[in-house]
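Since the structure comes first, as structure tokens, the remarks are kept for the end.
The values are calculated or read from the model by the stated rules, or taken from the named source; none is laboratory data. This one's a predicted model, so the numbers in the text were calculated from it and none came from an experiment. Backbone-built Cβ (ideal geometry, glycine too); neighbour counts: all protein chains shown. Each accessible area value is taken on the protein alone, full model and side chains, heavy atoms only, with ligands, DNA and RNA left out. Shrake-Rupley method; radii C 1.70, N 1.55, O 1.52, S 1.80 Å.
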Amino acid sequence: MIYNIPYIAVIILIMVGLYAVVFKRNIIKMVMGITIIESGVNLFLVTLGYRAGGVAPIFTNLPEERQIPGQLVLPIPQALTLTSIVIGVAVLALMLALAIQIYRQYKTLDVTKIRRLKE
Amino acid sequence: MVVTIIIYTMLAIGIFFNLLGSIGLLRFPDVYTRLHAGTKCTTFGSMFLTGAVIVYGLKEWYLHPVAGSSIMPLHVFIALIAILVTNPTGAHAIARAAHKSGVLPVNAVVDDLKEDTTKEKTKKAKEAKK
Amino acid sequence: MDETSKIIKTVSSVMFPFVTIYGLYVILHGHLTPGGGFQGGAIVASGCALLVVAFGSDAIAKRVKESQLSLLESIGALGFISLAFVGIATTFFYNSLAGTKFLFGRIPPYGSNPGYLSSGGLLPLMNLAVGTKVIAGLFAIVLILAIATRKKGGRSK
Amino acid sequence: MNPFVPIDTGSGFWNPLIWVIVFIIALLIVYVIRGLGRGDYKKNTGQTKPFLSGNVVENDEQLHVKGGNVYWGFTEAFKGYYNKIKSMHTGDTRDYVLWFLVMMVVFFAVVLGVM
Amino acid sequence: MRSRDAVALIALVLLGSFMIMSVLPLANMIRPFGEPVNPEMDDYIITHAQNETGANNAVTSVVFDYRGFDTLGEATVLFTAVAGVILILRRYAHG
Amino acid sequence: MVMKAFAVTSVVSFVTYLLLTTGSGDLWMWSASEIIFGIILALIVGFIARKIFIKNSYRMLNPIRWFRGLVYLIGPFFIAMAKANLDVAYRVITGKIRPGIVKISPGLKTDLGITMLANSITLTPGTLSVDINNETNDLYIHWINVKDEALKKKPRDPSYVCNGFPKWIRRIAE
Amino acid sequence: MIEVFIISAAVILISIALAFIRLIIGPTIPDRIVGLDTINTLVIVGMILFGAAFKESIYIDVAIVYALLSFVTTMLVAKYLEGGRM
Amino acid sequence: MMFEVLQIVVPILTVAAAIVAVYFRDLLSATIALAAMSLLLSMEFYILQAPDVAIAEAGVGACLTTAILIFSIKATKRMEDEK
Amino acid sequence: MNSIITHSPALLIAIPLFAAFITPLLSRIHRRARDGFVLIVLAATELLALLLAQDIYANGIRKYVFGATLPSLTHPGTMSIPVRIIFEIDGLSIFMVLISLTIAFVATVYSSSFFKKEDGLDRYYTLLLLVTVGMVGMELTGDLFNFFVFLEITSIASCALIAFWVDRGESLEAAFKYIVISSIGALFVLMAIGFLYGQYDALNIAALANSIQFTFIDKVALVLLLAALTMKAGIAPMHMWLPDAYGEAPPSVTIAVVAATQASLYGVLRVCFTLYGKGLRLNMAAVGWTLVGLGLLTIFIGVTMALVQRSLTRTIAFAAVGEIGYMVIGAGTALAAGAQNFATVALKGGVFHIFNDVLDIGLLFLVAGAIIYATKERDLNNLGGLAKRMKYTTVFFLIGLLAVAGMPPLNGFASKILIYESTYQLNPIISIIAILSSILLLAIFVKIFYSLFLGPELPHLRDVKEVPKGMLVAMAILATLIIIFGLFPGYVLQTIVDPAVAALSNPTNYINAILGGA
């Protein structure tokens, strides 16, 4: 139970981010919420790859007392997380560019006023 | 053995100052004094902590002079230099921004900067009038 | 007194080459130490962001054009995909340099070792290509967003 | 392969070729019937003019039913439904996300409850 | 908007509880923290990465060799985002 | 002039690169490939940063100045820093402060010198550089415990806040 | 030796928590950045200590990245507060 | 033993930073809190033995995310303005 | 030639990607050169896809392992699951790829004359190519994480394209909504991938499908995947982003986004039928019934909302929502029916309708684009009497509306009748509602056709001209395809739809192709 703290932190992060997206009116705040969800998912992936007592799967100057079988952290989740981080930055940049242009057009950041498209 | 004692001492000093910095950050009344605590103490404490790691790395290098054991002390040294250069600059940037954004020191005895800024403003206003 | 403090400018310009060389180090040593194309590229792009902050986006935009950045980015991306094409004699993305005696062809021994820069096959080259791409791309994003802050109101109707 | 294979729908079949032939035959029949009609119908005379109980006929453009007004009666008849469904489409991004979350809960209920 | 907030809160709470349930080791449902079950694929990479790719960093060998295609996709995502930002802010990019 | 800046930047980058990659091989501490790539990368960095790194402070190329800088760092600077921290510790515990912002004219000309001074001041007892006048190089310093005698005359005496640093820095950087 | 480093890192973590409180309660933006700056330095130190504890010299690279880049954030916020063009 | 304590404290701090980032009405403060969250997340990655990811998060979170957020706040407006 | 076919799965991605990277450079040289280059690249890719399709129909499932010593070496000898990324192409994949590439080609032809003076066209073509790459990648890949990456490429590129008219606030708003919702969805997909990876330590779809055990976590992952992908596919009540995005994008972009939506639908099919399909079909009946219900809701909401729209593009967009419902009903019926024999018929109808829907809706959007191009007007109330000025456009609109409403002998009818027949056997009410909705749709469009094209000329539309040739050619391609598909539905079904349906209903083949040895 106590060792699953990172997993629980993941869920709380995701829920906090979703809270920001669902309840906050400011679009930049919503973007921040999405960033928080993104962080949560990244943490989830890295946590999946953790092996208790292991070190990173890098063989350069590995400490001698770490025998290799079973002593290294799993590498694939880390690779997935890297990809996910890049995607996060890309999406963030795009959303912020849109936010800037929306502000230029609508003169507001309030999402309840940015709704010319309805019905 | 002596090296171990040195490392322990440096760690103790570093931790002391870092904790002190954080406490000062909480106790002081305004931004500038907090900067004193936050910048000076943490920089000094970090110097000692990183110094301890450097000493430790050097000891390892001395004990096992294989290729690669030199990386730790040198990289830590680079990190230390970077901290030393950037921290005071960051503090300066914050202080300047704070003063420009209108956060003035609490209970200030004297404030030359404010005087000068107001002087300049009135001067500019006069020029604008002319 | 509206411009940036001299101290910040000086420190930024002193820091910039160090940040850049460190970023390039991270890019090139991706197969030996933590890091790689993306991480190093992000570091170098952050160094460029440092310059944007210290000297203002006007001064930087005068030196660096958006078209140059996109050119660099395209070159990086093309380099990466071409490196992937190199292996197409066997399969796409086949690491055809590993194990040859050529440029990066060395194979390190199994287990803990100090690492050789000349190992890794196509990996260091791919790192370089991705690094180029990421530097250009992220810097372009930062620069354009910085320029976008300037024109308040813009061309809206 | 025969390009004119019919589709087997389980209980019947569908072959557009037959349909086309039937359609053409029907057209022919219509044409024939049309030919049996009155011959004294003349275009561009008073015969074709609309007669609105003696009121003045407005010009064509005002008679034209605008695209946005089609099925006005239909929407009027189902006003309750349309009010509800229109208020569902708020145009608020947060509501879109909220619908997604609600549907996720529904899926959870279905999958965890039934399976 | 009261009802909307209530619905949103309920949905969030339900979703959170479902997900928390799925990460708690009630019946060993997900791998417990720090103890991967049967990491066959990763162990293969750990043991063969140096041999097959010549890279000491197994993460890099995964990123660029074993899953190199993902990295191509990742680079494409970044390229796409840059193109998108330039497209959206093109009034500013070209001066 | 540009060539010189390029060369200096490249060499500095190369040295940094060598520091980062120690222990990689047999050429004393480096492998041949590291050195080759180091040279290439250093040239690239030199090309990019040639107009940024060194504006006109070529006098820093003198090794005697480096030596002086080292002595300064280990000697007066470190002692002042230790004092500073004890001072802050004292103030954290007792809460006795008497803050104020004073203006001093250290009389340094170069950018590098004033930067070093400002950073030294920030790290030393009770003082923090708040602002700088970009034309006259006057520093505005936040002083945590203002002494009354410093307030007597209007162009303040720098010696109260920066115990002899300007002298050192003039010898290092100017 | 390893335990000592980890205990030191734990104490650093307490300092981080304290600085984090300043980040939360800080009445003005500069107060918050001071908190962030302090956290930054402390995290760098913590990472170095962990690196020493794991005996992994290559982990120090992460700390260097932070040491080089942490003040960009500070300067960005400072620049924003100063007003004027970016 | 100590190590487990760390593995518990850092996630908690991360979550706290995220909550604070959502709580702040001032977008600039929220950005600062987000930077702190990214920093702590990087620390967590570091503790979970993922230095690659930690470097990426450092390079992105410490600088680029904050930079583009602050630029866009500058281009729009600072306060969240909720009634 | 042989090696081209061997490597064609990789080339299908690599060639458009290469072109996308090169387009910004090329557009500095000459505008026309760039347009032609993009067209040639897409045509070549389409040709390659056709070659690959022929090969697959002849020789069965095709796999391509990236970075291995052999393209078909799925996993090294000591391993039981694959390590590397594998492209696995069966009938369904190649079917979807053909759709995507056709649409991308048509969009390019169309936009080469639709856009004249706009700036930013170099990025536009790059992004169009990237959308294509994203869709094709989603459909070809046999790796779950790879699927996520391509999903993100598709959504980011589509978002940027939707915001192409940056001076219209509505476009920006639609793009923002789209990116928010799709990035959240994609994050949940990633979360689900994490759950599956954590359990089975595999990322390959076939390997996962082989070892899936329907534990609690598997169900959670299923829910996350299903919710995110159905949302991306635009199923009610998560469809609301869709009319915004479809309605406000440039029409050539809209048809690309339509194809992207179908790619998400492909994801739904793949998850339901392959990933969770092995031997446990009975358990999926609940999901099937849910999908049927949602599909009905989608049809109903889409059609009724299309009635009250004032904007031409939004009307068509809501009709598109309704059309999506038919495909979902087809898939859902197949899931709910289980092993009964009408499952295949329903699946056939659903899969066939994917292609038909893309063609019909695409044609309608292109016609709407032509009207916007000619009149600069998209409000229905300001349009009328266009038939005299725009003869070809009128004909194309007529074909499109008859097809979308499922009038014989056009293609919409052929697929809809399959769906009606099979759903009637599941539950007659479903089929009746579906038929009624279709009739309502026809009524709406006939009326709109009348008020747009027939009737008197409006004074401000007197100087309207027929649109340029490129746009007409694009519309003509789609119209021809519609007529061919309508006249020879049996042939089309036998050649391309049946392999797709066979691939869906036999997940074991999919699994064995990967895990059954090198």
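Examine segment C:134-152 for a residue that is assigned to a loop (DSSP other than H, G, I, E, B), within 14 Å of chain A (Cβ to nearest Cβ), in contact (Cβ under 8 Å) with a residue 40 or more places away in the chain and under 30 Å from H:Leu69 (Cβ atoms), and state whether such a residue exists.
yes
Residues of segment F:1-31 that are over 22 Å from the mean Cα position of the chain (by Cα), among the β-branched types (Val, Ile, Thr) and part of a helix (DSSP H, G or I): F:Val2 alone.
Somewhere in segment B:81-93, is a residue at the interface with another protein chain (Cβ under 7 Å from one of its Cβ atoms), open to solvent by 20 Å² or more (accessible area, probe 1.4 Å) and modelled with pLDDT under 90? So far as segment B:81-93 goes, yes, one or more of its residues are at the interface with another protein chain (Cβ under 7 Å from one of its Cβ atoms), open to solvent by 20 Å² or more (accessible area, probe 1.4 Å) and modelled with pLDDT under 90. Within segment I:4-30, being assigned to a helix (DSSP H, G or I) and exposed (fewer than 14 other Cβ atoms within 10 Å of the Cβ) holds for I:Ile4, I:Arg28, I:Ile29. Evaluating I:Ser437 against the criteria (1) open to solvent by 30 Å² or more (accessible area, probe 1.4 Å); (2) closer than 30 Å to I:Leu297 by Cβ leaves one unmet condition, (1). All conditions but one from (1) over 30 Å from A:Glu65 (Cβ atoms); (2) buried (at least 24 other Cβ atoms within 10 Å of the Cβ) apply to C:Ile75; the one that does not is (2). Pairing each residue of segment I:110-125 that is open to solvent by 20 Å² or more (accessible area, probe 1.4 Å) with any residue that is among the polar types (S, T, N, Q), provided the two are 6+ apart or on different chains, yields C-beta distances under 7 Å for I:Asp122/I:Thr23; I:Asp122/I:Ser27. Flag not set for I:Ile94, criterion: within 14 Å of chain C (Cβ to nearest Cβ), of a type outside the set (Phe, Trp, Tyr) and open to solvent by less than 10 Å² (accessible area, probe 1.4 Å).
Counting the residues of segment F:125-153 that are free of Cβ contacts under 8 Å to residues at least 12 places away in the same chain, under 24 Å from C:Lys6 (Cβ atoms) and within 9 Å of chain B (Cβ to nearest Cβ) gives 2. Among the helices (runs of 4 or more DSSP H) confined to chain H, the ones with at least 3 residues that are open to solvent by 20 Å² or more (accessible area, probe 1.4 Å) are located at H:2-23. One residue stands out in segment I:159-182 among those that are among the small types (Gly, Ala, Ser) and modelled with pLDDT of 90 or more: the one that is nearest to I:Arg378 (Cα to Cα), namely I:Ser171.
Scan segment F:85-112 for residues that are facing another protein chain (nearest Cβ under 7 Å) and part of a loop (DSSP other than H, G, I, E, B) and the total you get is 3.
Of all residues in segment I:366-391, those being part of a helix (DSSP H, G or I), farther than 18 Å from I:Ser252 by Cα and at pLDDT 85 or above number 1. May I ask you to say which residue of A:Asn4, A:Asn42 is part of a helix (DSSP H, G or I) and facing another protein chain (nearest Cβ under 7 Å)? On inspection, the qualifying residue turns out to be A:Asn4.
Here F:Tyr72 does not fit the description of being assigned by TED's automatic domain parsing to the domain that holds F:Phe165, modelled with pLDDT of 80 or more and within 30 Å of B:Asn107 (Cβ to Cβ).
In segment I:423-442, the count of residues that are facing chain D (nearest Cβ under 10 Å) and over 22 Å from I:Phe365 (Cα atoms) is one or more. Considered as a group, the residues in segment E:51-90 that are at pLDDT below 85 and not in a loop (DSSP other than H, G, I, E, B) include one that is surrounded by the most Cβ atoms within 10 Å (Cβ to Cβ), and that residue is E:Thr53.
Given the condition part of a helix (DSSP H, G or I) and surrounded by fewer than 18 Cβ atoms within 10 Å (Cβ to Cβ), answer yes or no: does some residue in segment C:89-107 qualify?
Restricting attention to segment C:89-107, the residues satisfying the condition of being part of a helix (DSSP H, G or I) are C:89.
Now restrict to residues that are surrounded by fewer than 18 Cβ atoms within 10 Å (Cβ to Cβ): C:89.
Yes.
Could you tell me whether any residue of segment I:55-65 is among the polar types (S, T, N, Q) and closer than 18 Å to I:Leu127 by Cβ? No. Of the residues making up segment I:443-481, those that are assigned to a helix (DSSP H, G or I) and either within 12 Å of chain D (Cβ to nearest Cβ) or of a type outside the set (A, V, I, L, M) (or both) number 17.
On inspection, I:Asp201 passes the criterion of being more than 20 Å from the chain's Cα centre (by Cα) and within 8 Å of chain E (Cβ to nearest Cβ). Checking each residue in segment I:204-238 for being away from chain D (no Cβ under 11 Å), farther than 27 Å from I:Ile514 by Cα and not in a helix (DSSP H, G or I) picks out only I:Gly234. Given (1) more than 7 Å from every other protein chain (Cβ to nearest Cβ); (2) open to solvent by less than 50 Å² (accessible area, probe 1.4 Å); (3) modelled with pLDDT under 85, identify the lone condition not met by B:Pro73. (3) is the only condition that B:Pro73 fails. Among the residues of segment I:60-79, those identified as facing chain C (nearest Cβ under 9 Å) and among the hydroxyl-bearing types (Ser, Thr, Tyr) are I:Tyr64, I:Thr69.
Return yes when G:Gly51 is more than 30 Å from H:Ala75 (Cβ to Cβ), open to solvent by less than 20 Å² (accessible area, probe 1.4 Å) and more than 7 Å from every other protein chain (Cβ to nearest Cβ) and no when it is not.
Criteria met by G:Gly51.
Only one residue in F:Phe67, F:Phe37, F:Phe77 is modelled with pLDDT of 80 or more, of a type outside the set (S, T, N, Q), under 30 Å from C:Pro108 (Cβ atoms) and assigned to a helix (DSSP H, G or I). Which one?
Checking each option against the conditions leaves just F:Phe37.
Here's the yes/no breakdown for (1) within 12 Å of chain E (Cβ to nearest Cβ); (2) part of a helix (DSSP H, G or I); (3) touching a residue at least 24 places away in the same chain (Cβ under 8 Å); (4) not polar (S, T, N, Q):
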residue: A:Leu13; (1), (2), (3), (4): yes, yes, yes, yes
residue: A:Val21; (1), (2), (3), (4): yes, yes, no, yes
residue: A:Ile28; (1), (2), (3), (4): no, yes, yes, yes
residue: A:Met32; (1), (2), (3), (4): no, yes, no, yes
residue: A:Ala52; (1), (2), (3), (4): yes, no, no, yes
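Rundown of residues vs (1) modelled with pLDDT under 85; (2) of a type in the set (Ser, Thr, Tyr); (3) under 30 Å from C:Pro108 (Cβ atoms), yes/no style:
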| position | (1), (2), (3) |
| --- | --- |
| A:Ala56 | no, no, yes |
| A:Asn61 | yes, no, yes |
| A:Arg66 | yes, no, yes |
| A:Pro77 | no, no, yes |
| A:Leu80 | no, no, yes |
| A:Ile100 | no, no, no |
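Restricting the first member to segment D:8-37 and to residues that are modelled with pLDDT under 90 and assigned to a helix (DSSP H, G or I), and the second to residues that are open to solvent by less than 100 Å² (accessible area, probe 1.4 Å) and of a type outside the set (A, V, I, L, M), the beta-carbon pairs closer than 7 Å and six or more apart or on different chains are D:Pro16/I:Pro408; D:Pro16/I:Pro409; D:Pro16/I:Gly486; D:Pro16/I:Pro489; D:Leu17/D:Phe4; D:Trp19/I:Pro408; D:Trp19/I:Pro409; D:Val20/I:Pro409.
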